[in-house]
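First the structure, in the form of C-alpha cells, and then the observations on it.
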Amino acid sequence: MSETDMISAFVRNYIKPVIREAIVEAGYVQPQKSEKRYYTREETCKRLHIGCTTFYRLAKKGKITILKLEGKTLVDADELDEAIETKLVYRYQH
C-alpha cells in the first residue's frame with residue numbers, strides 16, 4: 001500500500017466522520033434545491049399584459065426563452081421574473 005493510499009484511507013475512515021459529526025452537531029442543514037417553476041404561455045402573457053403575437057415576437061427577439069414540452073409552450077419562471085425586474089421585458093411592451 002502506497003503512502004498516498006494510506007493517507008486517503010486515513011482521511012476517509014477517520015477525518016471525514018469527525019467532520020461530518022461536527023457539522024451535524026452544529027445544526028447545519030444543507031439547503032434543498034427547489035423544483036424548477038415554469039409559466040405557461042397564457043400565464044406569461046397575463047403577467048406581461050401582452051397578447052400571443054407579442055409573446056412570440058419577444059421570443060424571436062431573444063428577450064424571453066421558450067421551452068416546448070409535450071405540446072406546451074413554457075417559460076422559466078425565475079428567468080422571466082428576473083427579466084421583469086431588470087426591465088429587459090416589461091408590461092405593455094409592443
Handout entry: Per-region count, the range 53-94, residues farther than 20 Å from Arg37 by Cβ, surrounded by 11 or more Cβ atoms within 10 Å (Cβ to Cβ) and modelled with pLDDT under 90
Key = 2
Practice task
Might you let me know whether the range 25-38 holds any residue that is more than 23 Å from Gly71 (Cα to Cα) and either assigned to a helix (DSSP H, G or I) or in contact with a Ser or Thr (Cβ under 7 Å, 6 or more places away or on another chain) (or both)?
Solution key: yes
Exercise for the section: Starting from the range 35-52, keep only residues that are modelled with pLDDT of 90 or more, then list their pairs with residues that are among the charged types (D, E, K, R) and assigned to a strand (DSSP E or B) whose Cβ atoms are within a distance under 7 Å, requiring at least 6 positions of separation or different chains. Expected result: Tyr38/Asp76; Thr40/Lys72
Exercise for the section: For the range 57-78, name all the residues that are part of a strand (DSSP E or B) and farther than 10 Å from Thr40 by Cβ. Expected result: Ile66, Leu67, Lys68, Leu69, Asp76
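The values are calculated or read from the model by the stated rules, or taken from the named source; none is laboratory data. No experiment lies behind these values; they were computed from the predicted model shown. We place every Cβ from the backbone using ideal geometry, glycine too, and count neighbours over all the protein chains shown.
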